[in-house]
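The values are calculated or read from the model by the stated rules, or taken from the named source; none is laboratory data. What you see is a predicted model; the values in this text were computed from it and never measured. Here the Cβ positions follow ideal geometry from the backbone for every residue, glycine too, while neighbour counts run over all protein chains shown.
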Amino acid sequence: VPLFAQQNRSLFHADPHAGNLLFDIRTRQLVLLDWALTERLTGEQQRHLALLVLAVSMRDCSASCKQIEALSLPGARSAADRTVRSNTREFLQKLPLTRVPGTLDAMRLVERLAFQGITFPAALIMLRKALFTLDGILHEIAGGDYSLDLVLGSYLVRGWLRGDKMPGSPLCITDWIEIQSSALFYSSRWWTHFAGSQAFPPCAATFNERCR
């Protein structure tokens, strides 16, 4: 998993289907047959991407913007600050309140900002393609009840039980402190989005109209 790789530069394939990959049962190794769409994430990119996923999951606009700016190419940061903030705020407000946002939502935010002119490294765009491809394969095999975040979570738990490096290894202690600080205000952000959405059930809307 590139996001949680223990190497400083993690290797991944942007089009992970059976025609490009081969699993050797004897050695239990994954063999790349086509290297044309391979990319690497640096340690810092892994860190900021993990923080972006967590910020989006907690609907934290400021933290999400901070990680977007860190992931974008240097020449695009100062001039596009307003674009990043306005689009990120609107994106988070439109996320359904009935579920916790996840990795694919963070990738959709990256895609939205890319269409707005924010420039990202090629590796990040390729990773987005890989994640959506894997999500589609997962739904075909296991059905809609399984999500990519559920699989990633189980991967981390199994690694932790085996005694591997601590889950979330790209993150440092100060990152975890910021995450905990953001989590303290999750409820207030949720209620703010709920109040702003005015998404009342149809029965409640009908009842309100009758009471007027």
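Looking at region 112-131 only, could you name the residues that are in a helix (DSSP H, G or I), without any contact (Cβ under 8 Å) to a residue 60 or more places away in the chain and surrounded by 15 or more Cβ atoms within 10 Å (Cβ to Cβ)?
Quick first cut of region 112-131, residues in a helix (DSSP H, G or I) only: 112-115, 122-131.
With without any contact (Cβ under 8 Å) to a residue 60 or more places away in the chain added as a condition, the list becomes 112-115, 125, 128, 131.
Answer for region 112-131, where residues must be in a helix (DSSP H, G or I), without any contact (Cβ under 8 Å) to a residue 60 or more places away in the chain and surrounded by 15 or more Cβ atoms within 10 Å (Cβ to Cβ): LEU113, ALA114, ILE125, ARG128, LEU131.
Of all the listed residues (LEU37, LEU73, LEU49), the sole one being touching a residue at least 60 places away in the same chain (Cβ under 8 Å) and within 20 Å of GLN116 (Cα to Cα) is LEU49. For PHE185, the conditions (1) at pLDDT below 85; (2) surrounded by 11 or more Cβ atoms within 10 Å (Cβ to Cβ); (3) over 18 Å from THR103 (Cβ atoms) are fulfilled apart from (1). When VAL31, VAL56 are screened for being closer than 22 Å to LEU97 by Cβ and either in contact with a Pro (Cβ under 7 Å, 6 or more places away or on another chain) or not small (Gly, Ala, Ser) (or both), only VAL56 passes.
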